[in-house]
Amino acid sequence: MTSAQGRLRSLVHVSVDNVVDAANQCADGMRHEVPERVWRDIKNVEELALASDVATVHFLGQELSIDDEDATIALVFPRGQPCGPVDTTAVVVDPHGEARKIFWRQHNLASQDTMNEGFESFLHGPVTRGHYQKVVRAKLITLLGKSGCKVITFPSIDDDEMFAKVSMDRSGEVIKHLAQRFSYPMPFREEAYTRVKPHGVYQGHTPMYRGRKAVPAYGPYDVEIGNSMQDFRTVDEIRILEMQLQSLVSLEEMQRQGVISKYFAVAQHKDIVQLHSEWLQQRTVRRFSSSAATFAMVCEIPQYGTKTGIVRNFFGEEICFFFRWFAFYTRMLGPLGFCGLICWLLAEYRPSVRQSVPIGFSAIMVVWATVFNQLFRNRMAQAAQEWGMKDYEAASQSFDRADYISELEGTWAQWRRRVCSQLIIALFCCTFVGVISVIEQRKKDETEADGDDGTFFRDHGTLIVVSAIKVTSIAWGYVAPVLANMQNHRTQARYDDALTAMLAVVKIFVTLWNFVYVAFIKYWTSPTCATTLEAASLRVWGERHLPANLTVRAEAMNEMRKYSYVSNHTRLGEMVCIHGCFPASSEYAHEGTTLNCYLMLKKELIMFFIVHVAYTIVFLVIPLLKVKLEVLLELRKAEQMKQTGRLRLTQYSWLQFQAKCPAYEYLSWGGSRVEDFLECAIGYALITCFGIVFPPLAFLGFLGNLIEFRLLAYRMTHVTCRPFPRGASGIGVWMFVFDAISSTAVVVNVLLISFFLYPLRSCPMHHRLFIFIVLEHALLGVRSIIDVAIPDEPLDVRRIDDFNAHFRKTMVKYPPL
């Protein structure tokens, strides 16, 4: 480190009052309110920042200075007008009550003393927004200093924000005592096992191994045995520092009040470079071209366990589990996709086996879905054990949400809220069913009219249906958070589970309902009636499509008679009605002919799947463009300030770029775990439930996943602001969602075989019901056998758990009797 950089660091450590004033005021028009020494220090900081040999990199087309040293968590303070967005003259009516929401922490008894010092000016009534934020920020900086944290501040390039870099010494005493205070789980070193003697199947003097990988025991950190535990990683420092911050203040409430505009875990540039080279680039091609290596990676099937270490150490176990699931899903989808292609080719070119292909492929589909879920559950248990995440709940998830109202807990008001939210869910689903019914009726009316006027729904019906599904899903995405918040969940984990359940149930229902309607309901609810069978056939086929040959026409009428019935419940008396599903073409109407509902279902499935994949890809690319645009706008603003002589820092920095990146949270351009899983769940539901209608759908899903996986990895590395690394024992409630989809797929597949596909659709109703019951129970029995054969928790997990429990007992120091 150069002397200039050392002087830069020392100058940035200004006093608490100076930091707060600098963050609260604007460089233009309010200089008289800031002490002259602060301006002198800031001027020196700027000169040294420009003169020192701080490294710069090119990122997304911009030159950035690397300023991530001594930065674990970054806090962004908005500055006062006219440069910043804060109206410093606005009035805070109850400053003491607002500050209490930030500093009073129910789980930290010491926080009660925090309000007794530093807030004297709030006891005399309303204060200005500028004074309120100055006092709150000063208190925050003081608390961080008392906690042993290191705080470094600097202004943004356009002077509208003040950044605070917060960090701890990863090998210092502070982080060790905080880890002990929060009972933070840490793995033991291999050297700690030397005292363990061999017994039974345990060889002793070493941890248990799974293959070539050691599976250490985890235990709550203890300063006395700290030398026996592994060193803290960057993610450990982030978690412990966040726990300490959340024990002092409510960061969520500070953001809600506008005291801070953003807070995020800092992504070190060297870590991003490592992620990009090892996770986003093909190793062999990288020797020749870096750009080609990135594109080549799209064609490589993601490995289940490859690169898990760097992904886990950067994003945490929660996100790592998602990518492990996605990689495993993509790899398992490959064989199913090729099997679907083979089945489709057999059905197209071997008419003799065409009728048995759907039955065989449905059995393959059910077995595949069950094996996939059980194998991943099996591997999930192993990973949770290796990472010390078994039965884990992140400490940060135990904090109360800022929107939680404790007074509602256990009251009738909260019960009414939750019942009301369930009724709204039901009403929303019923409304969507009505919309689809109207669209289908308009399509039917325009088709039967067989004219050139009013053909919009007839010509574009498939696209209209797919658009209605997507628009409804997007609309529900905005309604669901409101309902989840209405239920007044105390912790973020409970809120996330409730939101996941609402989104998954409704969005998957919205996605599947139209296909369910076409396959099973349209036949009974969309008849076409006329005085004679020929007249009714003219309405559904159209006069232009009736065969001219009288013999062929007679055969077509005979086949159509199987799909007709006589109704006495019409206003015109006795009428001949044709069911909603009938032979698609009068030219080829014969036994086993293709029905219109089959062609419609197949067309809408393909259209929706293509739109779904394209929609996902587009919304992964848009955030990249959005971030770049925001950076360019901020640079343009800085250039304008430079021309007027108001610019202080001329180099755009790495942390400022990260502050512009969208957060990894729901309804953010940066994506979220809920939304990422939901897109996968919708594709999974389509493939498992209706894949037998068009077997190559699984192969299309496989190709789409290859692209989507790499785009998600690129977005998480380069576009999304680094999320706080959360721990997790698995994929949580999503495992239940995929199990539920697999169980639903059994019923849907058997219904398709028994009632929709030839030859069983031609059997009498009681025969079809019998076949449905037999096939359903047979497939459910196969699922049960697979569940038993592949246990949720492998035997090696139990054996290693037993050994690690024994080892932990040897590390406990009992007091003498």
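The values are calculated or read from the model by the stated rules, or taken from the named source; none is laboratory data. Fair warning: this is a prediction, and the values are worked out from it, not measured in the lab. Heads up, the Cβs are rebuilt from the backbone with ideal geometry, glycines too, and the neighbour counts pull from every protein chain shown. Remember, those area values only see protein heavy atoms, side chains included, never the ligands or the DNA or RNA. Shrake-Rupley method; radii C 1.70, N 1.55, O 1.52, S 1.80 Å.
Structure values in brief
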quantity	calculated
Amide hydrogen neighbours beyond the local backbone of Met186, cut-off 5 Å, H modeled	Gly219, Tyr221
Size of charge dipole - the chain - debye, nearest 20, with Cβ of Lys, Arg +1 and Asp, Glu -1, no other charges	1240
Lys/Arg +1, Asp/Glu -1 at C-beta; the chain dipole; positive extreme among Asn558, Val719, Met365	Met365
Helix axis angle, 357-386 relative to the chain longest principal axis, alpha carbon, degrees	20
Sparsely packed trypsin sites (Lys or Arg not before Pro) within the range 184-243, loop by DSSP, other Cβ within 10 Å at most 15	Arg189, Arg212, Arg233
Sequence-separation-based contact order of the range 129-186, relative, with Cα cut under 8 Å and 6+ spacing, percent	21
Of Gly730, Pro695, Leu769, farthest towards positive along the dipole that unit charges on Lys, Arg, Asp, Glu beta carbons give the range 694-817	Gly730
Between helix 795-811 and the chain: long-axis angle, C-alpha atoms, 0 to 90°, nearest 10	20
Estimated 222 nm signal from helices in the chain, with DSSP H stretches of n ≥ 4 weighted -39500 (n - 2.57), rounded to 500	-19000 deg cm²/dmol
At most 15 other Cβ within 10 Å, DSSP loop - GluC sites (Glu not before Pro), the range 100-201	Glu117
Average Cα contact separation per residue, the chain, under 8 Å, 6 or more apart, as relative contact order %	17
Dipole in debye (nearest 20) - the range 421-493, about Cα centre, beta carbon charges: Lys, Arg +1; Asp, Glu -1	680
Cα shape, the range 665-744, gyration tensor, a/c 1.5 rule	oblate
Fraction of antiparallel bridges per DSSP, the chain only, in percent to nearest 5	95
Unit charges on C-beta of K, R, D, E only; dipole of the range 732-804, Debye	560
Estimated translational D of the range 108-239 in µm²/s (Stokes, Kirkwood radius over Cα pairs; 10 °C; 1.306 mPa s)	84
Accessible area in square angstrom per residue, the range 491-638, 1.4 angstrom probe	49
Compactness of the range 209-289 - radius of gyration and Dmax, Cα, Å	19.2, 52
Tilt relative to the chain, helix 234-248 - C-alpha long axis, 0 to 90 degrees, to 10	80
Farthest toward positive dipole pole in the chain [+1 Lys/Arg, -1 Asp/Glu at C-beta], among Ile786, Gly80, Met229	Ile786
Phe264 long-range amide H proximity, modeled H, under 5 Å	Ala74
Fraction of accessible area attributable to carbon and sulfur, the chain (%, probe 1.4 Å)	58
For the range 554-563, 3J(HN,Hα) per residue [Karplus equation, 6.51 cos²θ - 1.76 cosθ + 1.60, θ = phi - 60°, Hz, x = Gly/Pro]	5, 5, 5, 5, 4, 5, 5, 4, 5, 10
With 20 Å bins from 0: P(r) over the chain, alpha-carbon pairs, percent	13, 38, 31, 14, 3, 0
